[in-house]
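These notes concern the structure reproduced below.
The values are calculated or read from the model by the stated rules, or taken from the named source; none is laboratory data. Computed from a prediction, not measured in an experiment: that's the story for all the values here. Please note: Cβ atoms are built from the backbone with ideal geometry, for glycine as well, and neighbour counts cover all protein chains shown. When the accessible area is computed, the model is the full protein with side chains, heavy atoms only, and any ligands, DNA or RNA have been set aside. Shrake-Rupley method; radii C 1.70, N 1.55, O 1.52, S 1.80 Å.
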Amino acid sequence: MLLRQLEYLTTLAREKHFARAAEACYISQPAMSAAIRKLEAELHVQIIQRGNRFIGFTPEGERILKWAYRILAERDALIEDVGAMREGLSGRLRIGCIPTALCVVPILTSLLCQDQPRVRVQVSSMTSIEIQRGLSQYGLDVGVTYIDNEPLTGVRTVPLYRERYLLLAAEDELAERDSATWAEAAEHPLCLLSEDMQNRRILNSVFDQAQARPQPAVETNSISALYAHVREGPWATVLPHSWLLRFGVPEGMRAVPLEEPQISKTIGLVLHDRDPEPILAKAFVDTARHVDLDELLAATTLT
């Protein structure tokens, strides 16, 4: 069995097309098919469902694919570990982050890159479900997501900060208000994240606790689009307090804490549960543990 054969499998799983997978691996399609057939003969199982086009993997193939992700990830970790012993940390750290935490991640990545200038960082905006999948398939090194809401499997977690919620609305509607209730927030014409985002599912749950039924006028999976709508249109929104760190409060609007119920959720790092811990992921965790994000956010946003 060659590592190259496992790379063919993972590329095929990603591309879901024989010709595109072969092109991505810089080989001909017949050569890729022959390599996979050779692997099937060696393992005495059928890996690919046969057809005129790519249909999918057999149950045995799905199992082998999981091992392929793991073996290739361990290969990469070995190279990074040995390279760090010789030359210091280098390589690419792949981070998947939920949209509501994207404004906080640069605090950590900038510190990491200051300490380790040869490290490159790739940050991708993802849903919590995509982060879980990315970790399980070894396509991510670290995720940044909620760690005390929807269950996570096969991961280690490191708390970062508690996310609290504010109502952002027209200044005259919140004049001299120090807080607002969730029921009051539901009465506004709201712009919210879409239902596929965990933040929205959290908000729905809190509105249910408050026996409130919001009717969002605008839904989006983009933080920047949401903020632009609230800034330009007649809408209000419920936002995590961390947003104000980067976006601030638009002119003519105010942000006040939401109460009844008063709720917060923990944002944290999630890493694939494996030993030894990949060296770049460990360096990122070590950086995060030296930063008090709760204190920083309390000092730079409205409370």
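Does Leu203 meet the test of being in contact with a Phe, Trp or Tyr (Cβ under 9 Å, 6 or more places away or on another chain), within 22 Å of Asp172 (Cα to Cα) and at pLDDT 90 or above? Here the answer is no, as Leu203 does not meet what is asked. Name the pairs: first residue in the range 224-240 and farther than 20 Å from Ile98 by Cα and modelled with pLDDT of 90 or more, second residue among the small types (Gly, Ala, Ser) and open to solvent by less than 10 Å² (accessible area, probe 1.4 Å), Cβ to Cβ under 7 Å, at least 6 apart or on different chains? Every condition considered, the pairs that remain are Ala236/Ala169. The helices (runs of 4 or more DSSP H) found entirely in the range 92-201 that carry 1 or more residues being within 21 Å of Glu277 (Cα to Cα), aliphatic (A, V, I, L, M) and open to solvent by less than 10 Å² (accessible area, probe 1.4 Å) are 105-115, 128-136. Close contacts from the range 153-179, counting a first residue that is without any contact (Cβ under 8 Å) to a residue 60 or more places away in the chain and a second that is open to solvent by less than 70 Å² (accessible area, probe 1.4 Å) and not in a strand (DSSP E or B), with Cβ to Cβ under 9 Å and a gap of 6+ residues or different chains, come to Thr153/Gln132; Thr153/Ser136; Asp172/Gly252.
Residues that are open to solvent by 40 Å² or more (accessible area, probe 1.4 Å) and either without any contact (Cβ under 8 Å) to a residue 12 or more places away in the chain or not in a strand (DSSP E or B) (or both) within the range 253-262 comprise Glu260, Gln262, listed in sequence order. Residue-level check: of (1) in contact with an Asp or Glu (Cβ under 9 Å, 6 or more places away or on another chain); (2) within 30 Å of Arg246 (Cα to Cα); (3) of a type in the set (Val, Ile, Thr), Val45 misses just (2).
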